[in-house]
Amino acid sequence: RVARIAEEGFERAVAIPLSPFRSQLATGAYHRVVKEANARLAEPIHWCYAGDWHLHPIFLALWQRRLEDALLGSPEPPAVVFTNHSLPAQELDPADPYSTDFEATAGALAKRCGLTVWYTAYQSAGGGKTMWLGPALGHVLAELIGTGHPSILVVPVGFVMDHLEVLYDLDVDAAQMGRELGATVTRTLMPNDDPLLIALLTDIVRTACGGARVKRGAKTAT
């Protein structure tokens, strides 16, 4: 893809991994792929890399709206569980802010929405004998249902759109687990093409470029 961008005549580009939580294992890997591909070009592109945005005001407003809409539409107050994509624990750099940034986002949204009790969990872990970040969503759901919560609302803040980890892992797998244990498990709507998400990405691009306008005639890709 980097070579294709160069072939199309772009001189500048901005890389934005669509995960709000930074780690060398995930977002860092995407940046490394871009840098390695760029180094192979005869005329490398000038790349800018997005900074942290897990507490960006627009990002929080985007999820606050979804959480509040879901709470208003619920017949009774559900237990709220914020989720993020799990990563292999032993491969995660101890200095990575992945987990702390996730907790910070969940805490900020809970405060904005007036939640006094809320939970965090990791979903969509891979298989094998690898230890993944937890607690796993399934364990949290089982514990909440076992302690008398008939309704659980999942808020997948680690994602920005509908895809396999949302449409199957939550809408099918988690919902079925809830039914089998006698509870209702639902989730908030995803950002997808919400204008606030577009505004967020626009601001991230401007910040990554230092707020400067691109000179006339130069082509910039995102």
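Just so it is clear, none of the values below were taken in a lab; they were calculated from the coordinates. As the structure is a prediction and not an experimental result, all values here were calculated from the model. Cβ coordinates were reconstructed from backbone atoms using ideal geometry, including for glycine residues, and neighbour counts include every protein chain displayed.
With respect to the stated conditions, V154 is among the aliphatic types (A, V, I, L, M) and touching a helix residue (DSSP H, G or I) at 6+ places or on another chain (Cβ under 9 Å). Restricting attention to the stretch 75-128 and to residues that are among the β-branched types (V, I, T) and surrounded by fewer than 20 Cβ atoms within 10 Å (Cβ to Cβ), the residue that is nearest to the chain's Cα centre (by Cα) turns out to be T100. One residue stands out in the stretch 150-162 among those that are surrounded by fewer than 16 Cβ atoms within 10 Å (Cβ to Cβ) and not charged (D, E, K, R): the one that is farthest from the chain's Cα centre (by Cα), namely P150.
Among the residues of the stretch 135-170, those identified as farther than 18 Å from A79 by Cβ and without any contact (Cβ under 8 Å) to a residue 60 or more places away in the chain are D162, H163, L164, V166, L167, Y168, D169.
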